[in-house]
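Just so it is clear, none of the values below were taken in a lab; they were calculated from the coordinates. All values derive from a computational prediction rather than experimental measurement. As a convention, Cβ positions derive from the backbone with ideal geometry for all residues, glycine included, and neighbour counts pool all protein chains shown.
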Amino acid sequence: MTRRGTDVTAKFPELAEIADAGDALFDGELTVFDGRLPDFNATVSRLRAEPRKVDDLAASMPATVLVFDLLRFDGTDLRREPYLHRRVTLDGLGLRGERWAVPPWSDDRLTIIATSLAHGLEGVVAKKLNSPYVSGRSRLWIKERHANVVDTVVAGWLRTPSGQVSILLAEATEEGLEYRGRCPAPLDVLAALEPLASSVPTVDIPDAPEGVQWVRPELQVEVTAASRRPDGRLRQPKFVRARFDQLG
């Protein structure tokens, strides 16, 4: 299941062995690897694959599930248990197969960051050892990136006089969505935005340009930025990738 509740079991027949884990509910990430690194585009291709191509892709671009957390085991709900207890229980299951694994963890922050950098990964997720499991974002779980990457959502888009697509970026805050600027984006982003069209603005932009096509803020986009202005807007935001896999 995706985080939005979409059942994608039929798209990944190579992961059938995971069903042998018994009565358990895991939180993890499904990814396709290119050598030793996750390949985001290949993962999206698998999620979007037509049924007739599933078996061939399962052989040529097999997916792997990385299990990060244990929410239920043997009929017991573990979500309110501290993360350390859940993690120790998860490690004790000895789960490992050709297409799934439980990545190692450490309470030594500097060591784990250095290891992540050495392997060319984008960052790490830090969890308080006494934190319960919470769906969605939590102050007790922090994503620490190695680059200045900002998680945003697309609030709208427009075409520039040159015909280029420019997306309007918003960031989730305690007060709600806040406008963070705009940046050019590839055409496949526009294709994903068209079904999300909205007749009303989805974020407050005092100086909104003419011709904005508003959309529901469901498409997550990662951007880099040189810095932030005092009002929170991003300086020189640059598109990194759209999280099409989160649209579910």
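Let me know the shape class of the chain, please: from the alpha-carbon gyration tensor, a ≥ b ≥ c as square roots of the eigenvalues, rounded when a/c is under 1.5, otherwise prolate if a/b is greater than b/c, or oblate. Because a/c hits 1.5 or more and a/b exceeds b/c, the chain counts as prolate. Estimate the FRET efficiency between Thr6 and Gln164 by the formula 1/(1 + (r/R0)^6), using the beta-carbon distance for r and 35 Å for R0, to the nearest 0.05. Approximately 0.65, to the nearest 0.05.
Under a point spin-label approximation (7 Å from Cα along Cα-to-Cβ), what is the Glu50-Val125 distance to one decimal in nm? Computed distance between label sites Glu50 and Val125 equals 3.4 nm.
Restricting the calculation to Cα atoms, the stretch 113-187 yields a radius of gyration followed by a Dmax of 16.7, 53 Å. With a cut-off of 15 Å, note down the residues of the stretch 136-154 whose backbone N falls inside the zone around a label point 7 Å from the Cα of Gln236 toward its beta carbon. Flagged as within label range: 148-149. Rounded is the label for the stretch 149-246, because a/c, from the alpha-carbon gyration tensor with a ≥ b ≥ c as root eigenvalues, stays below 1.5. Name the longest site-free stretch of the chain, where the excluded sites are GluC sites (Glu not before Pro) in a DSSP loop with no more than 12 other beta-carbon atoms within 10 Å. No qualifying site falls inside 1-97, the longest such stretch.
Based solely on its DSSP helices, what 222 nm [θ] is calculated for the chain when runs of n ≥ 4 H residues each add -39,500 (n - 2.57) and the sum is averaged over all residues, nearest 500 deg cm²/dmol?
Mean residue ellipticity, 222 nm, calculated: -4500 deg cm²/dmol.
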